[in-house]
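**Q** The structure follows.
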Amino acid sequence: MKHAKARNVIERCFGLLKGRWKILASPALFPIQTQGRIILACSLLQNLIRRKMSTDPQEMIRNEDEQSEDEEDGKIEYISIIGSTDEWTNFRNNLAQGMYSIWRRSRA
């Protein structure tokens, strides 16, 4: 459940970027290196706007829309803790160890 909440936050961030920077909303026709630079530039500009502008008109519009959606749902859910559990840490470590073992066997 925590992963789903974290994923929602990340998807919301990308949604915000796509909403402001239309170049991110359509399929890219640029080389991969250029695409990475475009995403980085849009992210940096987004952060600059958030730091320097006292109010962001686009964000105010989004907040109004989200508030009306939350009021319709009747429940607002916030992420309180982000962290890994022992279960997922063990899963990740076992997966990495298995992949490393397969790689070592293929090199022998």
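**Q** Taking only pairs six or more apart or across chains, which ones have beta-carbon atoms under 8 Å, a first residue in the range 85-108 that is among the polar types (S, T, N, Q), and a second residue that is modelled with pLDDT under 90 and surrounded by 10 or more Cβ atoms within 10 Å (Cβ to Cβ)?
**A** Correct list of pairs: T85/K2.
**Q** Quickly run through the range 35-49 and pick out the residues that are surrounded by 11 or more Cβ atoms within 10 Å (Cβ to Cβ) and not small (G, A, S).
**A** Selection gives Q35, R37, I38, I39, C42, L45, Q46, I49.
**Q** Separate question: Just to be sure I understand, how many residues within the range 7-28 are in contact (Cβ under 8 Å) with a residue 40 or more places away in the chain and more than 16 Å from A41 (Cα to Cα)?
**A** Selection size over the range 7-28: 1.
**Q** Which is modelled with pLDDT under 85 and of a type outside the set (D, E), of A25, A41, A4?
**A** A4
**Q** Here's something else I'd like to know. Just to verify a result, which residue in the range 1-45, among those that are in a loop (DSSP other than H, G, I, E, B) and not polar (S, T, N, Q), is nearest to T85 (Cα to Cα)?
**A** Looking at the filtered set, the residue picked out is M1.
Residues checked against (1) under 14 Å from the mean Cα position of the chain (by Cα); (2) among the hydrophobic types (A, V, I, L, M, F, W, C):
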| residue | (1), (2) |
| --- | --- |
| L17 | yes, yes |
| K22 | no, no |
| L29 | no, yes |
| T34 | no, no |
| I38 | no, yes |
| A41 | no, yes |
| K52 | no, no |
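**Q** If the requirement is being at pLDDT 90 or above and among the small types (G, A, S), which of these qualifies: G36, G19?
**A** Within the list G36, G19, the selection yields G36.
The values are calculated or read from the model by the stated rules, or taken from the named source; none is laboratory data. All values derive from a computational prediction rather than experimental measurement. Positions of Cβ are generated from backbone atoms using ideal geometry, with glycine treated the same way; all protein chains shown enter the neighbour counts.
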